[in-house]
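Before any comments, here is the structure.
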Amino acid sequence: MTKILLIEDDIHIQELVRTNLEKEGFTVIPALDGEQGLNFARREKPDLILLDLTLPLIDGYDVCKILRDQTDTAAIPIIIISARDDVADKIIGLELGADDYMTKPFSHRELYARIKARLREGQRKNELSTGPLKWGDLEVVRESYIATIEAKPLNLTVKEFELLVLFVANPYQVFSREYLIQKVWGHLSSTDSRTLDVHISHLRNKLKAVGPVVESVRGVGYLFARR
């Protein structure tokens with residue numbers, strides 16, 4: 001049965017979300033603060049995490065960063081659920097590695113749709129994982145979220161890694177910004193081109209050892225190629 005970790009300190013919201021998701025057949029693991037949420041994530045290995053930002057002990061941003069920095073939790077999909085609706089908050093959450101961002105209040109139907117989309121995306125990635133991808137001295141191991149250049153590991157965020165996988169698996173193919181956002185952040189994501197461009201810029205800096213391989217295509221998007 002699909003396990004969802006719900007890290008939410010508001011008891012009323014937690015119970016409402018938990019009840020609705022359990023009706024859909026999910027097993028919901030509730031946590032009331034960031035520290036408890038991290039402990040449950042490590043112990044229970046949930047299929048997806050719903051994460052509030054305003055939490056006792058450890059706030060949601062730090063929880064997200066810690067989850068993404070640890071090997072055993074790095075690949076778990078994270079959907080931030082927060083009352084903060086400022087664009088800056090959304091950008092920070094997504095850049096720290098969250099897969100999606102929902103602003104409270106939200107409908108149960110939309111939450112369910114986004115959860116299913118994230119779970120489907122994870123399943124597709126598992127099915128397509130057939131071994132390491134190589135590009136010169138660059139090697140990408142999809143199932144373990146590890147990328148290396150001359151056997152030296154690259155410190156990539158989850159989204160940077162997913163962009164790299166898409167590029168290395170499809171060299172010389174031009175991808176529009178809209179397509180990259182859809183494939184990496186999902187159909188229902190509110191991610192904009194600015195966030196994508198920031199991730200591409202960071203990825204380019206980390207790939208300098210293999211040359212300028214992520215190229216801009218004016219007015220369209222990006223491609224991965226060797227000059």
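Please specify each residue of segment 1-19 satisfying the condition of being farther than 18 Å from Arg68 by Cα and either open to solvent by less than 40 Å² (accessible area, probe 1.4 Å) or among the aliphatic types (A, V, I, L, M) (or both).
Selection gives Met1, Glu8, Ile11, Ile13, Gln14, Leu16, Val17.
Selection of segment 87-109 for residues being aliphatic (A, V, I, L, M), buried (at least 23 other Cβ atoms within 10 Å of the Cβ) and part of a loop (DSSP other than H, G, I, E, B) yields only Ala98. When segment 179-197 is filtered for residues that are of a type outside the set (S, T, N, Q) and modelled with pLDDT under 85, the ones remaining, listed by number, are Tyr179, Lys183, Trp185, Gly186, His187, Leu188, Asp192.
Could you list, in sequence order, the residues of segment 59-86 that are over 28 Å from Ser144 (Cβ atoms) and open to solvent by less than 30 Å² (accessible area, probe 1.4 Å)? Step through it out loud before you land on a result.
Quick first cut of segment 59-86, residues over 28 Å from Ser144 (Cβ atoms) only: 59, 81-86.
Across segment 59-86, the qualifying residues are Ile81, Ser82.
Of the numbered criteria (1) more than 20 Å from Arg68 (Cα to Cα); (2) surrounded by fewer than 14 Cβ atoms within 10 Å (Cβ to Cβ), the one Arg177 fails is (2).
The values are calculated or read from the model by the stated rules, or taken from the named source; none is laboratory data. These numbers were taken from a predicted model, which means no experiment stands behind them. So basically every Cβ, Gly included, is an ideal-geometry build from the backbone, and we count neighbours across all protein chains shown. Keep in mind that these areas ignore ligands, DNA and RNA; they rest on the heavy atoms of the full protein, side chains included. Shrake-Rupley method; radii C 1.70, N 1.55, O 1.52, S 1.80 Å.
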